[in-house]
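To start, the structure under review is shown below, and the notes come after it.
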Amino acid sequence: MNPSVLIVGAGPVGLTLACELTRYRVPVRIVDKTSQRTDKSKAIVLWSRTLELLDRGDRGSSPFVEAGFKVDGVNIVAADGAVVGHVKMDSAPSPYPYALMLPQSDSERLLEAHLETLGLRVERQVEATSFTDSGAAHGVGEVVPLQANNSDSDSAGKHARHYQDQQAHRPRDW
Ligand SMILES: Cc1cc2nc3c(=O)[nH]c(=O)nc-3n(C[C@H](O)[C@H](O)[C@H](O)COP(=O)(O)OP(=O)(O)OC[C@H]3O[C@@H](n4cnc5c(N)ncnc54)[C@H](O)[C@@H]3O)c2cc1C
């Protein structure tokens, strides 16, 4: 099947979108300009509703819950150490009545692993550098081919070859 959706960016949003579209058997291609996943914590909380939505997928939210740290309350502490407030987080009417602390690096790892079980891999070191919306030709517009770009500074030639190789195998209507 030729990909009909191009996802630019394999952060949590792109990876989740790729998992969901693949689950609905929509052919997808997902690219990211970086050579590897982030190793930074960045987005660090999964909320109850997110975990509920992850349950719609084949593996559900359990890999995330197992990897994360459940927070059912938060103290607000003043500079002198006095506790000035407490927020309970365990009253949400959800199977997941807590905030799940999970660094973005782990979320991406789990999402990417899940995506691979669905048969799709992130194409890395591929950068989208231009986009053309050509109207209704394909119902949702048209994306011009990705152009390799030297995101990691010193290997433009390698990326250009990667790009050319990809063009040789790409449907013409991309
Ligand atoms: C330093 C830092 C700290 C943060 N701390 C927190 C925090 O404590 N709590 C919190 O909730 N959120 C935090 N955030 C925000 C959080 O990281 C974002 O909300 C989250 O990453 C958004 O996910 P995303 O998938 O939309 O985008 P991103 O995670 O940014 O992923 C986008 C991906 O797209 C790729 N990409 C971009 N352009 C192109 C292109 N043209 N071609 C190919 N690939 C491309 C990038 O390489 C990247 O992998 C932080 C962000 C930063 C930078």
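The values are calculated or read from the model by the stated rules, or taken from the named source; none is laboratory data. Bear in mind that the values here come from a model prediction, so they are computed numbers and not experimental data. Using ideal geometry, Cβ is built from the backbone for each residue, glycine included, and neighbour counts are taken over all protein chains shown.
Of all residues in region 30-49, those satisfying the criterion of being touching a Lys or Arg at 6+ places or on another chain (Cβ under 9 Å) and either surrounded by 15 or more Cβ atoms within 10 Å (Cβ to Cβ) or among the charged types (D, E, K, R) (or both) are 30, 31, 32, 33, 34, 37.
Collect the residues in region 6-15 that are of a type outside the set (A, V, I, L, M) and at pLDDT below 95, keeping them in residue-number order. Residues satisfying the conditions do not exist here. Does residue 117 satisfy the criteria of being surrounded by 15 or more Cβ atoms within 10 Å (Cβ to Cβ) and hydroxyl-bearing (Ser, Thr, Tyr)? For residue 117, the condition - surrounded by 15 or more Cβ atoms within 10 Å (Cβ to Cβ) and hydroxyl-bearing (Ser, Thr, Tyr) - is not met.
Each row is one residue, and each column tells you yes or no for (1) over 22 Å from residue 105 (Cβ atoms); (2) in a helix (DSSP H, G or I); (3) among the basic types (Lys, Arg); (4) within 10 Å of the ligand (Cβ to nearest atom).
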| residue | (1), (2), (3), (4) |
| --- | --- |
| 20 | no, yes, no, no |
| 25 | yes, no, yes, no |
| 30 | no, no, no, yes |
| 37 | no, no, yes, yes |
| 43 | no, no, no, yes |
| 50 | no, yes, no, no |
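Every test in (1) of a type outside the set (Gly, Ala, Ser); (2) surrounded by 18 or more Cβ atoms within 10 Å (Cβ to Cβ); (3) at pLDDT 95 or above is passed by residue 143 save one, and that test is (3). Among the numbered conditions (1) within 18 Å of residue 117 (Cα to Cα); (2) outside any helix (DSSP H, G or I), the only one that residue 100 does not meet is (1).
Any chance region 68-87 includes a residue that's at pLDDT 95 or above and crowded, with 16+ Cβ neighbours inside 10 Å? Yes, that holds for at least one residue.
Considering only residues in region 52-84 that are part of a loop (DSSP other than H, G, I, E, B), touching a strand residue (DSSP E or B) at 6+ places or on another chain (Cβ under 9 Å) and not polar (S, T, N, Q), the one that is farthest from the ligand (Cβ to nearest atom) turns out to be 78.
The residue that is surrounded by the fewest Cβ atoms within 10 Å (Cβ to Cβ), counting only those in region 1-18 that are more than 6 Å from the ligand (Cβ to nearest atom) and assigned to a loop (DSSP other than H, G, I, E, B), is 1.
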